[in-house]
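Reading through the structure tokens given below for one structure.
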Amino acid sequence: MRRHPSLANLRKTAQGRDHDDEPPTPCARATPFSDLMLATKSGEGSILHLSENGHDVLLMERIDGRFQVLAGTTEKLFLKLADETVQDFDYVDAYILNHTEFTTSDEFLENLMSRFYLEPLPGELAYFYKWQHNIQTKVLHVISRWIKLQFIDFINNPVLLTRLRAFVTGDVTRGGFAAEARSIRDLLDSQDAQHDQPRHVIIQALANVNVRQHAPVIASHCAQPLSPSMALVPAILAMAPKEIAQYLTLADFYLLKCITPFDLLEHVRKHKHQQPRCHGDYIERLTRRANQLSHWVQQMIQLQPSSRHRRLVLRKIIDVAKHCLEFHNFHTSMLLTTSLLQPAIQKLTEWSGVSGHEDVASLMRLLDVSNNMYAYRGALAQAKAPLVPFFPLLLKDLTFIMDGNAPVYQEDTSNAAPGPLTATNASMAPSSSPAAAQASSSSFSGAASAVTGLGGDTSACATNGCHDDLINFSKYRTLTHCLHGVLRATYDDYAFSSQLGDWAFLTPNQPRLHTLPDHAYPLDHVAWLMEQSLWASSPASSSSSSSSSPSSSTPS
């Protein structure tokens, strides 16, 4: 039996790289969001039932050729994290990200520590010694993944962090896992140090952007901020559409990369944690920028001094949207297209003089709402990373999965054929007939000890309340699929990211306009002009409207 490769992952993390954005599993997915479009194949969808004392305690469904947890009691869901079967990394991530929905972080850590010191049941001594080390290694992998994926749980609960450090330093080291304990301590120190800085500072350093110190700027290089009347007219016409698209893509890409899975989940959950955000809300920043960009497009077109200028600007924005789509930046491309479809812009007579109407039609196809925006979802599923998904729809999907699926598993008693795993049917996967269910339960009985886990006293379940309603884990699995897609989409930087040195899009109000851009970075000049133009076009009430959601731009 080979040891689980968790130690290699721990050592890799301890080298100082931020692995919050590491692809969740070493799978061979061709594109970040391809798994969200896959339907279960013919012959799949059968459900295995594990029962104890006449009650179902764990349901597993065959998906993509392997059985995955569909629902279970809190005890069985926890034991499945580290048992005798092959550890499912996707399952581990789904449990960690959503564990506060069915337990507490304190209880989670307590259970992990107890699981590390599992004890054999009577008559299972040989079996216990065979699997003890393997299960303990898996427990340590779960702990390390928890630290990497959601360290905010420990920041919000200092007592939890103290208990974990004491457990790793003492019990784990004494248990014969000195190397693993050292790696986890290094990981804790690394995450603790990173938390002291805003996330965009870490992301910027990892991207090797703006790493060198700028030389002092002499007075002759000073520039005056542009007034609205000065900034709006020349800005977009003075820049190449491809360079504008590159800068807008990098701005939205890195803002999205700064958003953690925890941020997204907390945004869509009804019960918000009360802890304030330490370094700003990047969802709010991306939202505010989306609204700002939409207003900028309308202002840029309507305030042009002549009909000829309006035609040029219309054509330029279409070209920018096309280039954004070439860079798989669906977010900016669809925002620009939506802005062009506003009634005030559509009624302009200058459209008759704009060439390339087929380009507009091609861009509009992504906004087709039929079949739940199938055209966009199909294009997203085929797009390779790096990419930027349409953020308003991403938030809407996450909200629908969270609110549209019951937290408790509800069995469909119909005999309909199983359908694809989607947000609409993940919680309603059809069960087999009673005879088939009994056969499934019998065929699965050989793995009962693996699911129950070493040291699990099943006889106590009836008295300890283990047979509560089954938690609908497919809901959290689907949520995690979406979050994994975002992590995979933003893991690798764009090839042209090295051309941007100054992340001017991070400036909350008026951008830094006192110096001219550094010519060592070709896109800095575009950033300088674009941020001035965006700021100049913003209404005076932009600070009060920044909290509005970009979902207003989402096709209904």
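Laid out as a table, the results:
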quantity: Condition met for Trp131 (more than 29 Å from Thr478 (Cα to Cα), crowded, with 16+ Cβ neighbours inside 10 Å and not β-branched (Val, Ile, Thr)); calculated: yes
quantity: Residue in region 25-43 that is hydroxyl-bearing (Ser, Thr, Tyr), under 24 Å from the mean Cα position of the chain (by Cα) and at pLDDT below 55 present; calculated: yes
quantity: Flag for His279 being modelled with pLDDT of 90 or more, in contact with a Lys or Arg (Cβ under 7 Å, 6 or more places away or on another chain) and open to solvent by 10 Å² or more (accessible area, probe 1.4 Å); calculated: no
quantity: Selected residue (only one of Arg212, Arg185 is at pLDDT 65 or above and of a type in the set (D, E, K, R)); calculated: Arg185
quantity: Answer residue from region 53-69, given it is among the acidic types (Asp, Glu) and in contact with a strand residue (DSSP E or B) (Cβ under 7 Å, 6 or more places away or on another chain) and is surrounded by the most Cβ atoms within 10 Å (Cβ to Cβ) among those; calculated: Glu61
quantity: Filter result for Phe177 (open to solvent by less than 20 Å² (accessible area, probe 1.4 Å), among the aromatic types (Phe, Trp, Tyr) and at pLDDT 95 or above); calculated: no
quantity: Elements of type helices (runs of 4 or more DSSP H) contained in region 110-217, each with 3 or more residues being among the aliphatic types (A, V, I, L, M) and under 30 Å from Trp503 (Cα atoms); calculated: 178-195, 199-206
quantity: Filtered residues of region 468-508 (kept if crowded, with 19+ Cβ neighbours inside 10 Å, assigned to a loop (DSSP other than H, G, I, E, B) and of a type outside the set (D, E, K, R)); calculated: Leu470, Asn472, Thr490, Tyr494, Leu500, Gly501, Trp503
quantity: Qualifying residues in region 322-361 (those that are modelled with pLDDT under 95 and not in a helix (DSSP H, G or I)) - the one most open to solvent (accessible area, probe 1.4 Å); calculated: Lys347
quantity: Residues located in region 70-86, provided they are open to solvent by 10 Å² or more (accessible area, probe 1.4 Å), modelled with pLDDT of 90 or more and not in a helix (DSSP H, G or I); calculated: Lys80
quantity: Selection count where residues are outside any loop (DSSP other than H, G, I, E, B) and over 11 Å from Leu534 (Cα atoms), scope region 291-321; calculated: 18
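Every residue, every condition in (1) modelled with pLDDT under 50; (2) of a type in the set (D, E, K, R); (3) farther than 29 Å from Ile471 by Cβ; (4) in a helix (DSSP H, G or I), yes or no:
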{"residue": "Leu363", "(1), (2), (3), (4)": "no, no, yes, yes"}
{"residue": "Tyr374", "(1), (2), (3), (4)": "no, no, yes, yes"}
{"residue": "Asp403", "(1), (2), (3), (4)": "no, yes, no, yes"}
{"residue": "Ala423", "(1), (2), (3), (4)": "yes, no, no, no"}
{"residue": "Ala435", "(1), (2), (3), (4)": "yes, no, no, yes"}
{"residue": "Ala439", "(1), (2), (3), (4)": "yes, no, no, yes"}
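The values are calculated or read from the model by the stated rules, or taken from the named source; none is laboratory data. Here the structure is a predicted model, which is why all the values come from computation and not from measurement. Note that each Cβ is placed from the backbone with ideal geometry, even for glycine, and that neighbours are counted across all protein chains shown. These area figures cover heavy atoms from the full protein model, side chains too; ligands, DNA and RNA do not enter into them. Shrake-Rupley method; radii C 1.70, N 1.55, O 1.52, S 1.80 Å.
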